[in-house]
1. Sort out for me the strands (runs of 3 or more DSSP E) sitting completely within the stretch 237-343 that have 1 or more residues that are hydroxyl-bearing (S, T, Y) and away from the ligand (no atom under 13 Å from the Cβ).
2. Just checking, which of A312, A319, A303 is open to solvent by 50 Å² or more (accessible area, probe 1.4 Å) and in contact (Cβ under 8 Å) with a residue 24 or more places away in the chain?
3. Consider L93 against the criteria (1) open to solvent by 60 Å² or more (accessible area, probe 1.4 Å); (2) farther than 30 Å from L5 by Cα: it satisfies all of them except one. Which criterion is unmet?
4. List, please: which pairs have Cβ atoms under 6 Å, are six or more places apart or on different chains, and start with a residue in the stretch 251-275 that is in contact (Cβ under 8 Å) with a residue 60 or more places away in the chain and among the charged types (D, E, K, R) and end with one that is part of a loop (DSSP other than H, G, I, E, B) and surrounded by 16 or more Cβ atoms within 10 Å (Cβ to Cβ)?
5. Does T231 meet the test of being within 16 Å of the ligand (Cβ to nearest atom), farther than 16 Å from L284 by Cβ and more than 16 Å from the chain's Cα centre (by Cα)?
6. When you look at A42, is it of a type outside the set (D, E, K, R), farther than 26 Å from T215 by Cα, in contact with a Pro (Cβ under 9 Å, 6 or more places away or on another chain) and at pLDDT 95 or above, yes or no?
7. Which count do you get for residues in the stretch 148-189 that are in contact with a helix residue (DSSP H, G or I) (Cβ under 7 Å, 6 or more places away or on another chain), surrounded by fewer than 21 Cβ atoms within 10 Å (Cβ to Cβ) and under 21 Å from A118 (Cα atoms)?
8. Of all residues in the stretch 99-123, which are assigned to a helix (DSSP H, G or I) and open to solvent by less than 30 Å² (accessible area, probe 1.4 Å)?
Amino acid sequence: MTSFLTPFTFANGVRVENRLAVAPMTTSQSHADGAVSEAEIAWLERLARDGYGMVITCAAAVSKSSIAFERQMSLGEDRFLPGLRTLAAALKLHRALAIVQLCHGGSRAIPALTGRPAHAPSRYELPAVPGFVPPLAFAEAEIEQIVRDHADAAARAHEAGFAGVELHGANGYLHTQFLSTMTNLRADAWGGSLENRARFSREVVRAIRRLVPATFVVGFRMTFEGMGFDTGLDLDENVRVMNWLAEDGIDYGHVSSMDVRAKSAKYAGENLFQRVRDGVERALPLVAAGGVRSAEDVRFAMARGADLVAIARAAIGNADVPAKLGRGETLRAMPYALDDLRELQVGDELVRYLRDTWPISTLNVVAKEADAASATQGA
Ligand SMILES: Cc1cc2nc3c(=O)[nH]c(=O)nc-3n(C[C@H](O)[C@H](O)[C@H](O)COP(=O)(O)O)c2cc1C
């Protein structure tokens with residue numbers, strides 16, 4: 001099998017130094033206005049220095065009305081470009097492919113930060129959740145504006161020197177809300193059939209592709225199905241959507257999961273990642289993520305067709321993960337000691353975020369109580 005320390009080349013010719021990526025991680029440590037902070041740059045630079053081929057940033061806002069986290073990095077305005085340039089240059093210096101994750105919170109946007117009530121594809125109720133405030137439905141013109149906001153944010157990422165963007169289509173944020181039959185009850189062109197529910201994601205990808213060159217990498221991270229909960233997401237439908245997005249010009253798909261070894265809920269007994277890999281066009285590279293802690297875990301995913309393997313939690317508390325896994329070393333296990341984290345550029349804000357919001361047991365569930373509780377803070 002191909003070694004995970006060998007380079008990978010996307011179809012557009014962009015090369016990644018090795019097959020290990022830092023998975024997107026919200027850190028809540030940028031400035032309150034969305035400008036990237038020194039702490040965030042130091043944190044991401046440390047990960048690039050660790051030797052990952054690709055570093056994906058936190059979920060970044062595409063506009064003021066999209067904000068889903070306190071102190072969230074933003075690509076929503078040109079005034080953020082100087083900080084973003086510094087960040088992109090720092091990652092490039094260490095030869096990491098620098099990818100910004102772009103996110104719109106939809107129903108999970110925070111009214112106190114956006115200055116408006118939360119909006120979603122449609123109004124929906126969650127009777128089981130006490131105090132749940134139903135989101136308002138977006139007007140069609142607002143959806144078109146959000147598509148443009150994504151394209152403008154991607155163009156800013158390009159201008160700042162990033163190698164690409166990843167669209168956050170996982171964990172219950174706006175793309176998921178459009179795809180899900182539970183949160184998208186629209187009767188117009190943006191809801192109903194799978195074609196209509198996928199329209200938003202497809203329009204976003206196409207709009208980005210019109211503004212950036214072919215050598216700018218565009219990825220799409222997706223929750224293919226819930227973890228045993230009803231989220232209105234269907235594995236086979238989402239595989240179809242991923243193939244449509246490939247036609248629209250994405251360079252990779254990212255299979256969001258808490259465990260690369262997880263079984264599909266729909267196809268009991270079958271590995272979820274493998275099922276996705278079998279359904280998605282072979283030409284589209286796939287990133288696997290979830291529970292990767294050892295070289296064996298990386299090889300498990302690659303044996304099932306992962307082109308890149310992303311690591312989140314183990315990357316926080318371990319320096320130089322690629323080299324360590326290459327040598328077959330065992331990584332330090334969670335929970336991590338505060339002193340160790342400080343040495344690893346994990347700042348106080350990030351420690352607070354990790355402490356207050358993790359573990360988030362139902363990352364991709366929009367319907368359940370646990371999720372509603374974390375709706376304004378979840379990853
Ligand atoms: C602190 C933290 C923040 C996260 N934030 C994001 C995020 O902003 N976007 C996203 O797509 N996933 C996010 N995730 C999920 C991870 O990318 C990853 O899919 C998940 O943690 C499983 O991988 P792991 O077992 O290597 O941690 C976050 C995870 C953690 C631990």
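The values are calculated or read from the model by the stated rules, or taken from the named source; none is laboratory data. Note that the structure is predicted; figures quoted are calculated from it, not measured. Heads up, the Cβs are rebuilt from the backbone with ideal geometry, glycines too, and the neighbour counts pull from every protein chain shown. For the accessible areas, the whole protein counts, side chains as well, though only heavy atoms, and no ligand, DNA or RNA atoms are used. Shrake-Rupley method; radii C 1.70, N 1.55, O 1.52, S 1.80 Å.
1. Numbers: elements: 252-255, 286-289, 308-311.
Qualifying strands (runs of 3 or more DSSP E): 252-255.
2. Details: A312 fails: open to solvent by 50 Å² or more (accessible area, probe 1.4 Å); A319 fails: open to solvent by 50 Å² or more (accessible area, probe 1.4 Å).
Going through A312, A319, A303 in turn, just one is open to solvent by 50 Å² or more (accessible area, probe 1.4 Å) and in contact (Cβ under 8 Å) with a residue 24 or more places away in the chain: A303.
3. Among (1) open to solvent by 60 Å² or more (accessible area, probe 1.4 Å); (2) farther than 30 Å from L5 by Cα, the lone unmet condition for L93 is (2).
4. D251/F10
5. On the way: within 16 Å of the ligand (Cβ to nearest atom): yes; farther than 16 Å from L284 by Cβ: yes; more than 16 Å from the chain's Cα centre (by Cα): yes.
In short, yes.
6. Details: of a type outside the set (D, E, K, R): yes; farther than 26 Å from T215 by Cα: yes; in contact with a Pro (Cβ under 9 Å, 6 or more places away or on another chain): no; at pLDDT 95 or above: yes.
No.
7. 2
8. Restricting attention to the stretch 99-123, the residues satisfying the condition of being assigned to a helix (DSSP H, G or I) are 106-108, 111-114.
Hits for the stretch 99-123 are G106, S107, R108, T114.
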